[in-house]
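**Student:** What follows is a structure written as structure tokens; I'll ask about it next.
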Amino acid sequence: MKVLTLSLLLFVLVLAGCVSYQSPQINEEREQNLNEDEITSQPTTQPETEENKEDNKNLGNEPTSGEAQVREIRIVARQWEFEPNVIRVKKGERVRLIVTSEDVVHGLAFPDYGINKEIAPGNEVVIEFVADKGGEFQGFCSVYCGEGHSSMRLTLIVEEN
């Protein structure tokens with residue numbers, strides 16, 4: 001019985017080794033295909049010429065690469081405030097908040113937008129969302145940062161067009 005069990009175990013191990021082994025040639029082909037996919041999926045941009053400079057002026061601030069325009073806002077968190085503590089955006093605008101902490105770990109939460117991010121000191125945290133709800137929304141520090149934590153607020157005003 002032990003011989004049968006050992007033989008079966010040995011067979012399973014050999015089979016598992018055969019299934020998981022991949023030749024170096026197969027791995028190289030797989031890597032090459034992945035690299036080709038990455039190259040073809042990256043967006044391409046045309047060099048700016050005098051012709052398309054004029055076209056771009058006529059378009060105003062509309063993006064030309066097919067990407068939605070993004071409104072970037074830098075926010076600094078420190079005990080016990082956000083700076084700025086009020087931000088205004090337009091409804092429908094894509095917003096990118098770039099948040100840094102100067103002192104301790106903080107958080108930034110906007111429950112109405114499903115946002116809750118932790119910000120470690122010295123690091124930038126990027127938060128992107130579409131301001132698809134009009135009104136005034138209260139954000140707050142979501143990581144306890146000391147005695148003034150409960151007063152650490154940030155107001156997001158999303159203006160209707």
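**Student:** Just checking, how many residues over the stretch 88-103 are under 11 Å from Ile75 (Cα atoms) and either loosely packed, with under 14 Cβ neighbours inside 10 Å or not polar (S, T, N, Q) (or both)?
**Tutor:** 5
**Student:** Determine, yes or no, whether Ser150 is touching a residue at least 12 places away in the same chain (Cβ under 8 Å) and among the hydroxyl-bearing types (Ser, Thr, Tyr).
**Tutor:** The answer is no for Ser150.
**Student:** Would you pick out the residues in the stretch 116-161 that are farther than 21 Å from Gly92 by Cβ and among the basic types (Lys, Arg)?
**Tutor:** Lys117, Arg153 - these are the residues of the stretch 116-161 that are farther than 21 Å from Gly92 by Cβ and among the basic types (Lys, Arg).
**Student:** Filter the stretch 80-119 for residues that are small (Gly, Ala, Ser), outside any strand (DSSP E or B) and free of Cβ contacts under 8 Å to residues at least 60 places away in the same chain and give the result.
**Tutor:** Hit for the stretch 80-119 is Gly114, nothing else.
**Student:** OK, next. Considering only residues that are under 19 Å from the mean Cα position of the chain (by Cα), among the charged types (D, E, K, R) and assigned to a loop (DSSP other than H, G, I, E, B), which ones fall in the stretch 127-155?
**Tutor:** Within the stretch 127-155, just Asp132 meets the criteria.
**Student:** For the stretch 100-133, name all the residues that are under 17 Å from His149 (Cβ atoms) and acidic (Asp, Glu).
**Tutor:** Glu102, Asp103, Glu118
Bear in mind that the values in this text are calculations on the coordinates, not laboratory data. Just so you know, these numbers come straight off a predicted model, no measurement behind them. For neighbour counting, all protein chains shown are included, and Cβ atoms are generated from backbone atoms with ideal geometry for every residue, glycine included.
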